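Notes for the one structure printed next.
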Amino acid sequence: MASTDTRVNALSQEAIAVLDAETLTQLFPLAGPMQVTVREISKILSYTAEDGSEKSDHIVYLPVEIDIPFLLTDDMRNVYAAFKQAWKTQKSLVVQTRVDTYTDMLIYEMPHDETAEFGASTVIQVKLKVFDTTQPEYGPLPPRKVRNKSQGSTVKKGQAQTIESTAPTKRKASVLAEVFGS
């Protein structure tokens, strides 16, 4: 069944494909994916109630992880170098499977075994994970955004020095001294 997602590579709709997130061109076309394992996991957060029973009220969805063993046969050194380059540069990838498309994926592990069992080919186990970053926002808060106007931006105040207050105070000791009359 063809996807209606316009960002999906139409040429590889019936196969597993790893695409460049910017250009949506297929990467590693000479690497043959042997299988795909997709882990979409959630965590149910629970707490203990006063009566000792476990209660739950929230679910956290963990980042999707995908494992794809690729069989490298043709031009093995260059294909492996392309995987390594995508891993080292933290290239944002799109993984398209037969049932879904996963965006914002990064390669975080790529072990491989070179054994006589595979002859002139090798299998590289590529592990990907969703990499969703949060960008902090910096900048001064304008006085209209804070309740107490003195807590607005301090950027233009320069270096502030403390000075001893000359205001007369009514208290001569602690609050407890006033309560007990000491």
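Scan the stretch 55-79 for residues that are in contact with a strand residue (DSSP E or B) (Cβ under 6 Å, 6 or more places away or on another chain), without any contact (Cβ under 8 Å) to a residue 60 or more places away in the chain and under 13 Å from residue 124 (Cβ atoms) and the total you get is 5. For the stretch 53-75, what are the residues that are modelled with pLDDT of 90 or more and outside any strand (DSSP E or B)? Of everything in the stretch 53-75, those that are modelled with pLDDT of 90 or more and outside any strand (DSSP E or B) turn out to be 53, 62, 63, 64. For residue 88, the test of being loosely packed, with under 15 Cβ neighbours inside 10 Å and either modelled with pLDDT of 95 or more or among the aromatic types (Phe, Trp, Tyr) (or both) is passed.
Only residues that are in a strand (DSSP E or B) and not aromatic (Phe, Trp, Tyr) were counted in the stretch 23-52, giving 14.
Answer yes or no as to whether residue 140 is modelled with pLDDT under 95, out of contact with any Phe, Trp or Tyr (no Cβ under 9 Å at 6 or more places or on another chain), closer than 25 Å to residue 40 by Cβ and not charged (D, E, K, R). In short, no.
The values are calculated or read from the model by the stated rules, or taken from the named source; none is laboratory data. Everything quoted here is computed from the prediction, not taken from an experiment. So basically every Cβ, Gly included, is an ideal-geometry build from the backbone, and we count neighbours across all protein chains shown.
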